[in-house]
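Heads up, the thing below is written out as structure tokens.
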Amino acid sequence: MDFLIYVYLLPLFYVIFQLCRLIFQWRDKCCYMLDYECYKPPEERRLATQKCAQIVLRNKNLGLEEYRFLLRTIVNSGIGEETYGPRNIVLENLEERPRLSHSLSDMDELCFDTLDSLFARSTIPPSEIDILVVNVSLLSPMPSLTARIVNRYKMKPDVKTFNLCGMGCSASIVAIDLVQHLFKIHKNANAIVVSTESMAANWYCGQERSMMLSNCLFRSGGCSMLFSNNTSFKKQAILKLKCMIRTHTGSDDEAYGCCIQDEDGLGYRGFRLTKALTKVGVHALTKNLQILVPKVLPMKELLRYVIVSSPFWRKSKSTEQLGGLNLKSGIDHFCIHPGGRAVIEGVGKSLGLKEYDIEPARMALHRFGNTSAGGLWYVLGYMEAKKRLKKGDKILMISLGAGFKCNNCVWEVVRDLDNGNVWKDCIDNYPPENIINPFAERYGWINDKNLDTMAVDEIRDQFKHLI
């Protein structure tokens, strides 16, 4: 009799054992963000209105129409005058003759400044970092940037290092995706991700409008992040990764070429942004959300949307009564890549978001500009500094980048967050009641039709008189 009992209990014990094993495996696969540090360059690198005008005037390839184009672009960009530029451009006037040392010194300053702060606050020393990922699209030196960090912090010999290049503005999410996959095979591992862009050697000095856009939008900045799948750090964590979807539309020629590093006819290197960018971005975002949304929204909202989308229901109700998919039924905050005012407003409109939802992205763009892959973390920092992030909240991060890629993820806030971070010195001034663009106020005279008959040198002299 006892033997039969053991025979019957054995399968039950086996099932219990397998369930426990699966639970422990699931716990090991968790990706926790423990901390992050956004970079704030020194004030001497600030690109105020006057400094921007000086840089524009140094480009002898530009004429009146190019000046007018630049003014329209910067006025409509949503960028303020407290953003930062590379040291060799802002302080040394060497945008046409950049050296490798310029790029490396900017990267060292950003990486070491943010990592020093990160390690100073953390209980995890550099010697306990198992995975290091650095993403910089436009700089790939040898030894690598990860090697420079390993050398600086004397990391252990078996640290796994990865350099991601050419990934564009969505590279942060790509790097985190790499980390979460590595966490599946490395238990109790700690990871560092450094996400930034190198602008020192990539300032466009020509006159093609599609390549001049990048000078108006991109600014210096970046972020270092600390992750772990060790559950003993759960109480220290600030965010937990819930879901990630990556979409790549590079098989389409138009999507592939809409934002691409290139040279103009005179040999000036820059970053070309075509008119197809908006259409390509909308297509990629739509493709991504078709997969992501069913994973994060509650079933009742999905059922409601299916019902109101049916032909029968549409015939019996007005358009206003139908409504679209309510993303806020499963998402509390929207962290949109601050790529430009048109990008932010376009994403907000397509998702049915209110001004409150897109405010963090608009303010990050205004204060720090488009810092490429690091931009998302200035948006997150704004939310935290405003004390919006409460335990249990869900954050949707939306990133778009060259390739063309749309990489989105959802985070869960593990505890209430209220760190002032990189915004602590100015958060009380945001959002401002009125954003008066200083470029339009000071240089609007450039649109005067009477200037059409003036020589370019005369116009430059007038510029210099006002600087």
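Could you work out how far helix 100-121 tilts from the main Cα principal axis of the chain, as a 0 to 90 degree angle to the nearest 10?
With rounding to tens, the tilt is 40 degrees.
For the residues Tyr39, Tyr153, what sequence is obtained by ranking on other C-beta atoms within 10 Å, fewest first?
Final ranking by Cβ density, sparse to dense: Tyr153, Tyr39.
Label points 7 Å out from Cα along the Cβ direction at Asp116 and Glu412: separation in nm?
3.7
Please report the relative contact order for the chain, taking Cα pairs under 8 Å with a sequence separation of at least 6, and give it as a percent rounded to a whole number.
Relative contact order here is 22 percent.
Kindly put Arg45, Arg341 in sequence by how many other C-beta atoms sit within 10 Å of each C-beta, fewest to most.
Taking fewest neighbouring Cβ atoms as first place, the list is Arg341, Arg45.
With label points built 7 Å along Cα→Cβ from the Cα atoms of Asp252 and Glu92, find their separation and express it in nm.
4.2
Leu365: net charge of surrounding residues, Cβ under 10 Å, Lys/Arg +1, Asp/Glu -1, itself excluded?
Residues close to Leu365 contribute a combined charge of +4.
Would you order Leu325, Leu451, Leu91 from fewest to most other beta-carbon atoms within 10 Å of each residue's own beta-carbon?
Fewest-to-most Cβ neighbours within 10 Å comes out as Leu91, Leu451, Leu325.
Taking the Cα atoms of the chain, report the difference between the largest and smallest coordinate on each principal axis, in whole Å and largest first.
Extents along the principal axes: 108, 69, 45 Å.
Between helix 456-466 and the chain, what is the angle of the helix's C-alpha long axis to the longest principal axis, kept within 0 to 90° and rounded to the nearest 10?
70
Using modelled backbone amide H atoms (1.01 Å from N, in-plane), which distant-in-sequence or interchain residues come within less than 5 Å of Leu132's amide H?
Amide H neighbours of Leu132, under 5 Å, 5+ apart: Lys160, Thr161, Phe162, Ile192.
Can you tell me the dipole magnitude for the chain around its Cα centre, using point charges on the Cβ only (Lys, Arg +1; Asp, Glu -1), in Debye to the nearest 20?
With Lys and Arg at +1 and Asp and Glu at -1, about 1540 debye.
Work out the length of the dipole vector of the range 53-165 about its Cα centre, built from +1 on the beta-carbon of each Lys and Arg and -1 on the beta-carbon of each Asp and Glu, and round it to the nearest 20 debye.
220
Could you tell me whether the range 198-305 comes out rounded, prolate or oblate from its Cα gyration tensor? Rule is a ≥ b ≥ c as square roots of the eigenvalues, rounded for a/c under 1.5, then prolate if a/b exceeds b/c, otherwise oblate.
Since a/c reaches 1.5 but b/c is at least a/b, the shape of the range 198-305 is classed as oblate.
With label points built 7 Å along Cα→Cβ from the Cα atoms of Ala440 and Lys156, find their separation and express it in nm.
So the label points at Ala440 and Lys156 sit 5.6 nm apart.
Looking at Leu118, Ile129, Ser198, which one has the Cα that reaches farthest to the positive end of the dipole of the chain (charges on Cβ: Lys, Arg +1; Asp, Glu -1)?
Ile129
Once you order the gyration tensor axes a ≥ b ≥ c over the Cα atoms, which shape class does the range 361-413 get: rounded for a/c under 1.5, otherwise prolate or oblate by comparing a/b with b/c?
Since a/c reaches 1.5 but b/c is at least a/b, the shape of the range 361-413 is classed as oblate.
If I stretch the segment between Ile185 and Ala276 completely, what's the gain in nm (0.36 nm per residue apart, minus their alpha carbon distance), one decimal?
28.7 nm
Sort all Cα-Cα distances of the range 43-165 into consecutive 5 angstrom bins from zero, then give the percent of pairs in each bin up to the one containing the longest distance.
Result, from short to long distances: 2, 8, 16, 16, 15, 13, 10, 9, 5, 3, 1, 0 percent.
Taken together, the values in this text are just the output of simple stated rules run on the coordinates, not laboratory data. Fair warning: this is a prediction, and the values are worked out from it, not measured in the lab. Ideal geometry is used to build each Cβ from the backbone, glycine not excepted, and the neighbour counts take in all protein chains shown.
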